[in-house]
1. Would region 336-355 turn up any residue that is within 25 Å of residue 268 (Cα to Cα) and modelled with pLDDT of 85 or more?
2. Starting from region 146-157, take each residue that is over 10 Å from residue 106 (Cα atoms) and list its partners that are in a helix (DSSP H, G or I) and of a type in the set (Lys, Arg), counting only C-beta distances under 6 angstrom and pairs at least six apart or across chains.
3. Return a yes/no flag: does region 274-285 have any residue that is of a type in the set (A, V, I, L, M, F, W, C) and surrounded by fewer than 16 Cβ atoms within 10 Å (Cβ to Cβ).
4. From the residues in region 256-310 that are of a type in the set (Lys, Arg) and more than 24 Å from residue 475 (Cα to Cα), which one is modelled with the highest pLDDT?
5. Go through region 590-605 residue by residue and tally those that are in contact (Cβ under 8 Å) with a residue 24 or more places away in the chain and either assigned to a helix (DSSP H, G or I) or out of contact with any Ser or Thr (no Cβ under 9 Å at 6 or more places or on another chain) (or both).
6. Right, residue 432: of a type in the set (Ser, Thr, Tyr), surrounded by 15 or more Cβ atoms within 10 Å (Cβ to Cβ) and farther than 30 Å from residue 358 by Cβ or not?
7. Which of the following residues is farther than 23 Å from residue 283 by Cβ, hydrophobic (A, V, I, L, M, F, W, C), assigned to a helix (DSSP H, G or I) and modelled with pLDDT of 90 or more: 246, 226, 211?
Amino acid sequence: MSDSLLAACGLLSPSMAGQALALDYMEEEQKRQMTIKAANISLYYEYENKPYVINLIDTPGHIDFTGKVTRSLRAIDGAIVVVDAVEGVMTQTETVTRQALEERVRPVLYINKIDRLINELKLSPQGVQEVIVRIIKDFNRLIEMYAEPEYRKAWKVSFSNNNVALGSAKHRWGFTLRVAQEKGIKFSDVVAAYKEGNVEELRKTVPLHEAILDMVVEHLPSPPIAQKYRIPKIWHGDLSSEVGKAMLECDDDGPVVMCISNVTVDPQAGVVATGRLFSGVINAGDTVHLIGARATGRVQQVCIYMGPYREIVGSLPAGNIPALLGLDKARAGETIASIPDVVPFEAVRYVTEPVVTIAIEPKYSRDLPKLVDVLNKLTIEDPNLVARIDQESGEYLLSGIGQVHLEIALTLIQKTGLEIITSPPTVIYRESIRKPAGPFMAKSPNRHNRVYISVEPLDPQIVELITSGKLNDTMDRRSIAKLLRSYGWPAEEARNVYGIDPHGCIFVDRSKGVQYLNEVRDYMVSGFISAMDDGPLTREYVRGVKVNLENAELHSDPAHRGPAQIIPMVRRAIYAGLLSADPILLEPIMKLVARAPAEMVGVLTKILTSRRGRVLSIEQREYVVHVEGEIPAAETFDLADVIRSSTSGKAFWSLPFSRWAPVPSSLMPKLIREIRQRKGLSPEPPRPEDFMDRE
């Protein structure tokens, strides 16, 4: 589809459109026939004799790369949601539409592969229309579910409103109702064109680009319109301030305020930071503030992306998507401004998180620095890849959203010429607790300080707030308190949140009148973060725990209460609490959404139930059956091969992340031993007594 748009704007030969896959320019994308990276391009288009610039970002559809979709949504105001006419509204359609609506990005609908309904399913014109009506209904149901009340009615799509297009991107034809009426095209004409082998005439009569670009210009908002309702959603600063007013108006004369949505590392140019400019004009040579990094930088070049190429433009006004060189500390989600102390944009909320990990090492030890450099580059470009060193084993671990995500990462590493050795993929777990425990006392290594800490399970709603980024350490204490009180927290505790761990834990000060506490607060938070990042059962992240500082006795001499004393003391007390609070392991549960012929349903349900999974629903929809179920991620490593062979390739499915759930008690002791042995730890986990000190 994007090839057709590029050809219409003179950026691609029409004869190559549909085969060039111009925005899937990576070798791996061409090879796998799938989008992996988000690609930006600026299109010039004239509609009713008026010129427009349309900034297009082509994003991946695969669930493993949904983080790139999330980041791209921050930069755009409208989305063309592409739905396969045969597959209909799938789980990933729902995921990306929900993400778009949460960012107040307005969607329009393009129903693709109409040719499949005619050639494969042999539907009549009436049958084609019925399928289209059902898809529009299903899509509007998503808008009803996920759009805010004030946008539901206005943003629903319909063929009569010309915000639904249908066609075949492969054969480069398409139309909206208005185009069909103007050109005199009916569904029966489309069916006849395929039956008579006259698709070329259809392409000439109703070229796809006219339907899509006309729909974009007519229904998707321009930046000055969109920013009026998007800024209050994604930026929680003072809207009446100079910065707030400038962004609401998309004002070229206002201060520069930009949100970085994508970062790449160019071998020659270094870090290239791309994002949405919400106000001001950005120029080469400007000095800007990186709000999150607490740093300043000088913009060396201002460019726009044209697919794989960067074109230097020197300056760009508000509403555009600049690519900036020279800001080496910029990362995805960063707020850039020409003035200091600007409130940063809301954190980007990801719908999934890394659940699969591999150990990786260079084949030759001399290449270790190069591996570290490559991993650093990969994680800068893709924040959903997480690289870390296992402190016990010294292994380099790379975690991703799924197996395909990691496969692509390993391919990119190997393309640098680096020879690597990897372990088989393993599932990431989380540690948590079932009940409260404590307080427990721990002493500092020099025995001059004491701390008393209790732990308890954290409300799942608060865990969700933290892991979604809506509650985080960058917020001021007043905002944190206000949010927690809205969820029923006691005012005293809500005011005294010391630390928030992004994996879903919180540290609260319940103590009264402890001397010198303010002086060691940061050390205590470091001890809390250290314990949450490295749980005592298996050295996995801790999730869903509230850690309470009940009391402390601190030495009067600062030399005796430094970080080397406070951090391990707090960590020991937390470990004693976690191990005494009925500790558990949480495993990632994936949602299996499959579509298959009715005769294959029994096969799918048998596969699910044989792998600790369960069937949630089975629904007959016209010519296929929809099966929804849940299955632990640990049971999915060969699932693709099993489903393909068992269904003779007739089932289509996806495996998005669903939730974290406790590992069954019968499996947990064995699993803990296996994880500990894999990490080079003693097979048996420590006991609470190992971390307790006597009075």
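1. Of region 336-355, the ones within 25 Å of residue 268 (Cα to Cα) are 336.
Okay, now just the ones that are also modelled with pLDDT of 85 or more, so 336.
Yes; the residues of region 336-355 include at least one that is within 25 Å of residue 268 (Cα to Cα) and modelled with pLDDT of 85 or more.
2. 146/98
3. Looking only at region 274-285, we keep the residues that are of a type in the set (A, V, I, L, M, F, W, C), and these are 277-278, 281-282, 284.
So of that shortlist, the ones also surrounded by fewer than 16 Cβ atoms within 10 Å (Cβ to Cβ) come out as none.
No - not one qualifying residue is present in region 274-285.
4. Looking only at region 256-310, we keep the residues that are of a type in the set (Lys, Arg), and these are 276, 294, 298, 310.
Those left that are additionally more than 24 Å from residue 475 (Cα to Cα): 298, 310.
Working: 298: 94, 310: 81.
Top of the filtered list is 298.
5. Step one: of region 590-605, the residues in contact (Cβ under 8 Å) with a residue 24 or more places away in the chain are 590-598, 600-601, 603-605.
Remaining after also requiring either assigned to a helix (DSSP H, G or I) or out of contact with any Ser or Thr (no Cβ under 9 Å at 6 or more places or on another chain) (or both): 595, 598, 600-601, 603-605.
So the count comes out to 7.
6. Working: of a type in the set (Ser, Thr, Tyr): yes; surrounded by 15 or more Cβ atoms within 10 Å (Cβ to Cβ): yes; farther than 30 Å from residue 358 by Cβ: no.
For residue 432, the condition - of a type in the set (Ser, Thr, Tyr), surrounded by 15 or more Cβ atoms within 10 Å (Cβ to Cβ) and farther than 30 Å from residue 358 by Cβ - is not met.
7. Values: 246 fails: farther than 23 Å from residue 283 by Cβ; 211 fails: modelled with pLDDT of 90 or more.
Of the residues listed, the single one that is farther than 23 Å from residue 283 by Cβ, hydrophobic (A, V, I, L, M, F, W, C), assigned to a helix (DSSP H, G or I) and modelled with pLDDT of 90 or more is 226.
Results for (1) surrounded by 17 or more Cβ atoms within 10 Å (Cβ to Cβ); (2) at pLDDT below 90; (3) in contact with a Pro (Cβ under 7 Å, 6 or more places away or on another chain); (4) outside any helix (DSSP H, G or I), shown as yes or no for each residue.
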site	(1), (2), (3), (4)
167	yes, no, no, yes
188	no, yes, yes, no
197	no, yes, no, yes
216	yes, no, no, no
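The values are calculated or read from the model by the stated rules, or taken from the named source; none is laboratory data. Note that the coordinates shown come from a computational prediction; the quantities given were computed from them, not determined experimentally. So basically every Cβ, Gly included, is an ideal-geometry build from the backbone, and we count neighbours across all protein chains shown.
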